[in-house]
1. Would you confirm whether any residue within the stretch 86-109 is buried (at least 17 other Cβ atoms within 10 Å of the Cβ), of a type in the set (S, T, Y) and within 16 Å of the ligand (Cβ to nearest atom)?
2. Tell me which residues, restricted to the stretch 96-111, are among the polar types (S, T, N, Q) and either in a strand (DSSP E or B) or out of contact with any strand residue (DSSP E or B) (no Cβ under 9 Å at 6 or more places or on another chain) (or both).
3. Looking only at the stretch 62-78, decide whether some residue is in contact (Cβ under 8 Å) with a residue 60 or more places away in the chain and within 28 Å of E2 (Cα to Cα).
4. How about the stretch 1-31: which of its residues are of a type in the set (A, V, I, L, M), touching a strand residue (DSSP E or B) at 6+ places or on another chain (Cβ under 6 Å) and part of a strand (DSSP E or B)?
5. Pick from the stretch 4-30 the residues that are of a type in the set (A, V, I, L, M, F, W, C) and surrounded by 15 or more Cβ atoms within 10 Å (Cβ to Cβ): which of them is farthest from the ligand (Cβ to nearest atom)?
6. Does the stretch 42-65 contain at least one residue that is more than 16 Å from the ligand (Cβ to nearest atom), among the aliphatic types (A, V, I, L, M) and in a strand (DSSP E or B)?
7. It is to be established whether one or more residues within the stretch 112-119 are out of contact with any Ser or Thr (no Cβ under 7 Å at 6 or more places or on another chain), outside any strand (DSSP E or B) and modelled with pLDDT under 95.
8. Between a residue in the stretch 38-56 that is farther than 19 Å from K121 by Cα and without any contact (Cβ under 8 Å) to a residue 24 or more places away in the chain and any residue that is of a type in the set (D, E, K, R) and loosely packed, with under 12 Cβ neighbours inside 10 Å, which pairs come within a Cβ distance under 9 Å, given they are 6 or more apart or on different chains?
Amino acid sequence: MEINYKCPKCKSYLNIGSKIVLSAKVDDQQKGLLMFSNELGNYEVKKHDLVQYKKGQKVGFYCPICHSNLAAEDLNLNLVKVIMEEGGKECTVLFSNIAGEHATYKLHGKKYEAYGKDKDKYINFLGF
Ligand SMILES: [Zn+2]
């Protein structure tokens, strides 16, 4: 099934095939593009060598097209929110923006799926 990711603000597609591209900012200084797998729970990230962050450091994520801050303001500022489109249906995907924290959530209707070793950390913030 084809999976696409979209910006919740401008609805532009954020993926190229199976890779998601997001704009990232660390410490208000380092800026660059980060590339993720579209597979939930896969935390491999490709980035420019000069964009560096340490474990526990917060990374700001932005839409590369409209530059909106993708932090999930309504839930928890440590979570990033994007739209996932799978088989014509839309759901919300949230993931932690703290480097080294592996927590990803897929929200659809009244259900959620959680991924990653730190998945328990934000379950209380999902609004269920
Ligand atoms: Zn956008």
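The values are calculated or read from the model by the stated rules, or taken from the named source; none is laboratory data. All of these numbers come straight from a predicted model, not from anything done at the bench. In this analysis, Cβ positions are derived from the backbone assuming ideal geometry, glycine residues included, and neighbour counts consider all displayed protein chains.
1. Checked the stretch 86-109: at least one residue is buried (at least 17 other Cβ atoms within 10 Å of the Cβ), of a type in the set (S, T, Y) and within 16 Å of the ligand (Cβ to nearest atom).
2. S96, T104, listed by residue number.
3. yes
4. Once the filter is applied, which keeps residues that are of a type in the set (A, V, I, L, M), touching a strand residue (DSSP E or B) at 6+ places or on another chain (Cβ under 6 Å) and part of a strand (DSSP E or B), the stretch 1-31 yields I3, I20, V21, L22, A24.
5. V26
6. yes
7. Taking every residue of the stretch 112-119 in turn, none turns out to be out of contact with any Ser or Thr (no Cβ under 7 Å at 6 or more places or on another chain), outside any strand (DSSP E or B) and modelled with pLDDT under 95.
8. Close Cβ pairs (under 9 Å, with a partner that is of a type in the set (D, E, K, R) and loosely packed, with under 12 Cβ neighbours inside 10 Å) do not exist here.
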